[in-house]
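Report on the following structure.
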Amino acid sequence: MVLKFDLIIIGSGPAGSASAMTAAKAGLSVALLDKSAFPRDKLCGGAVTGRAARYMDEIFGLAPDSDLFLEADRVRLAFRGQAITCQDNFPPFQMTMRQAFDARLHHLAITAGAQVFAPVRITALDPETAQVTLADGRRMQATLIIGADGANSLVARAIFGRAFDPARIGFGLEVELDRNQFSDTTTEIDLGAANWGYGWVFPKHKSVTLGVFGIHARNSDMKTHFNRYLARHVPDMAAAGPVRCKGAFLPFGTYRKTPGAGRVLLAGDAAGLVDPITGEGIGWAMRSGQFAGQAAVAALAAGRPDTALTTYQRHLTCVHREIDAARRIRALIYARPVRAIFPRAVAHNPSMSRTYLRLLAGELDYADLGTRVLFRLARRLGGSLLRRQTA
Ligand SMILES: Cc1cc2nc3c(=O)[nH]c(=O)nc-3n(C[C@H](O)[C@H](O)[C@H](O)COP(=O)(O)OP(=O)(O)OC[C@H]3O[C@@H](n4cnc5c(N)ncnc54)[C@H](O)[C@@H]3O)c2cc1C
């Protein structure tokens with residue numbers, strides 16, 4: 001027997017749950033599949049920006065309550081352990097534990113009417129017929145499929161042959177530590193902790209997440225970067241021997257220009273929708289999941305499932321524009337010759353430091369800011385360097 005649905009969504013992170021919530025609320029029959037039962041863990045700093053919080057409210061009707069979130073409005077910017085600036089009353093990050101956060105979104109999608117299949121193992125996926133076969137022999141078919149199964153997406157592999165470009169993917173290592181191990185739990189971003197990336201200390205209610213990330217191909221020694229960063233913050237622990245950290249890939253500036261194929265749409269990390277400067281992906285995962293769900297609803301209402309992908313791609317233009325704008329700026333922050341100059345420029349220019357922190361907090365859009373920031377940075381870093389790095 002084949003189980004039939006309007007929509008099969010593979011993966012129930014922020015992207016998949018947002019798709020499920022949107023489509024189920026609009027009356028579609030939705031199957032929401034995940035390889036894990038919830039609550040499940042997800043490697044992540046857990047920083048939810050202002051922009052992401054707005055999407056969360058719009059899609060799930062969920063406000064950042066103090067059960068799930070810790071508000072952090074004091075932020076330190078550092079470079080190789082030296083504080084550059086420390087700002088209070090900064091547009092806040094909402095710090096959350098992904099295990100609880102994702103479980104909440106997953107639950108809200110179920111409440112909206114999505115039918116959950118988890119844990120499941122998918123053994124076959126046919127993008128042409130939108131059919132999915134599970135390891136237990138069950139078969140499912142839908143009019144449309146949304147692949148929201150993360151950076152290492154099985155769905156992206158099924159339609160494009162691979163989930164990501166290994167030369168451009170990002171990689172992060174992190175550990176969850178007891179708050180008591182830290183004398184200072186200020187939120188920190190250290191721009192010198194890894195190449196084309198940064199180190200972070202993100203406080204939570206009971207713990208602190210410490211990690212480093214950057215472009216994988218430019219950090220063959222990420223473990224060394226991690227150990228060095230850990231030693232700066234928790235020297236006793238680092239000295240006591242190797243610490244077990246966990247690693248995961250994240251897209252970092254390369255998105256899929258066509259986010260799917262035929263009757264299959266990709267959302268969130270599976271579509272490469274992560275900020276190429278900050279590594280923030282939760283907000284755009286929810287936003288793209290919502291857009292994919294809306295595109296499915298419109299295409300099915302019109303009796304034209306073949307139009308879902310073009311509608312979705314059109315909705316995503318605003319996100320793609322942001323990623324493109326951020327990519328143009330990021331060489332001026334992370335490229336080797338300017339790496340040490342950017343933090344100094346930020347340290348000596350309060351307005352630039354505020355602008356950078358507001359970008360991190362998702363309070364400013366890159367697309368609106370691009371020209372102004374490029375102009376200011378160009379003055380500091382030299383026109384010839386700018387031309388070389390943005391070419
Ligand atoms: C180290 C690190 C730190 C990060 N820190 C931050 C941060 O602080 N703030 C931020 O905004 N972003 C951060 N990100 C990025 C963020 O985690 C992702 O962008 C976000 O989780 C993307 O959501 P998603 O729903 O697309 O995918 P995911 O959250 O990865 O969810 C994918 C879901 O698909 C399921 N799945 C996977 N494969 C299958 C399969 N074959 N079959 C069925 N189900 C499957 C998984 O179980 C999972 O539930 C970080 C990423 C990393 C790696």
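Hey, any hits in region 216-238 for a residue that's in contact (Cβ under 8 Å) with a residue 60 or more places away in the chain, closer than 19 Å to residue 77 by Cβ and over 12 Å from the mean Cα position of the chain (by Cα)?
Within region 216-238, one or more residues are in contact (Cβ under 8 Å) with a residue 60 or more places away in the chain, closer than 19 Å to residue 77 by Cβ and over 12 Å from the mean Cα position of the chain (by Cα).
Checking residue 96 against (1) over 20 Å from residue 293 (Cα atoms); (2) in contact with a Ser or Thr (Cβ under 7 Å, 6 or more places away or on another chain); (3) open to solvent by less than 60 Å² (accessible area, probe 1.4 Å): exactly one of these is not met. Which one?
(2)
Only one residue in 118, 103, 109 is touching a residue at least 12 places away in the same chain (Cβ under 8 Å) and under 19 Å from the mean Cα position of the chain (by Cα), so which one is that?
Going through 118, 103, 109 in turn, just one is touching a residue at least 12 places away in the same chain (Cβ under 8 Å) and under 19 Å from the mean Cα position of the chain (by Cα): 103.
Could you list, in sequence order, all residues of region 100-114 that are within 11 Å of the ligand (Cβ to nearest atom) and not acidic (Asp, Glu)?
Answer for region 100-114, where residues must be within 11 Å of the ligand (Cβ to nearest atom) and not acidic (Asp, Glu): 101, 103, 105, 106.
Filtering region 8-67 down to residues that are among the β-branched types (Val, Ile, Thr) and closer than 30 Å to residue 129 by Cβ, which residue is nearest to the ligand (Cβ to nearest atom)?
10
Would region 247-266 turn up any residue that is more than 18 Å from residue 165 (Cα to Cα) and open to solvent by less than 10 Å² (accessible area, probe 1.4 Å)?
yes
Which one of 57, 34 is charged (D, E, K, R), more than 22 Å from residue 271 (Cβ to Cβ) and out of contact with any Cys (no Cβ under 9 Å at 6 or more places or on another chain)?
After ruling out the rest, the residue left standing is 57.
Looking at 111, 133, can you tell me which residue is more than 30 Å from residue 238 (Cβ to Cβ), touching a Ser or Thr at 6+ places or on another chain (Cβ under 8 Å) and of a type in the set (S, T, N, Q)?
Just a single option satisfies the conditions, and that option is 133.
Hey, does region 281-293 have a residue that's at pLDDT below 95, in contact with a strand residue (DSSP E or B) (Cβ under 9 Å, 6 or more places away or on another chain) and part of a loop (DSSP other than H, G, I, E, B)?
No, there is no match, as no residue in region 281-293 is at pLDDT below 95, in contact with a strand residue (DSSP E or B) (Cβ under 9 Å, 6 or more places away or on another chain) and part of a loop (DSSP other than H, G, I, E, B).
All but one of (1) in contact (Cβ under 8 Å) with a residue 40 or more places away in the chain; (2) out of contact with any Asp or Glu (no Cβ under 8 Å at 6 or more places or on another chain); (3) not in a helix (DSSP H, G or I) hold for residue 94; state the number of the condition that does not hold.
(2)
Checking the condition touching a helix residue (DSSP H, G or I) at 6+ places or on another chain (Cβ under 7 Å), within 15 Å of the ligand (Cβ to nearest atom) and in contact (Cβ under 8 Å) with a residue 40 or more places away in the chain, which residue from 177, 191, 250 passes?
From the options 177, 191, 250, the qualifying one is 250.
Just need a number here: residues in region 8-52 that are part of a helix (DSSP H, G or I) and surrounded by 23 or more Cβ atoms within 10 Å (Cβ to Cβ).
Result for region 8-52: 12.
Have a look at 117, 79, 90, 164 and point out the one that is within 15 Å of the ligand (Cβ to nearest atom) and closer than 22 Å to residue 280 by Cβ.
Going through 117, 79, 90, 164 in turn, the sole match is 164.
The values are calculated or read from the model by the stated rules, or taken from the named source; none is laboratory data. The structure displayed is predicted, hence computed values, not measured ones. FYI the Cβ positions are ideal-geometry reconstructions off the backbone, even for glycines, and counts take in every protein chain you see. Note: areas computed on protein heavy atoms with side chains; ligands, DNA, RNA excluded. Shrake-Rupley method; radii C 1.70, N 1.55, O 1.52, S 1.80 Å.
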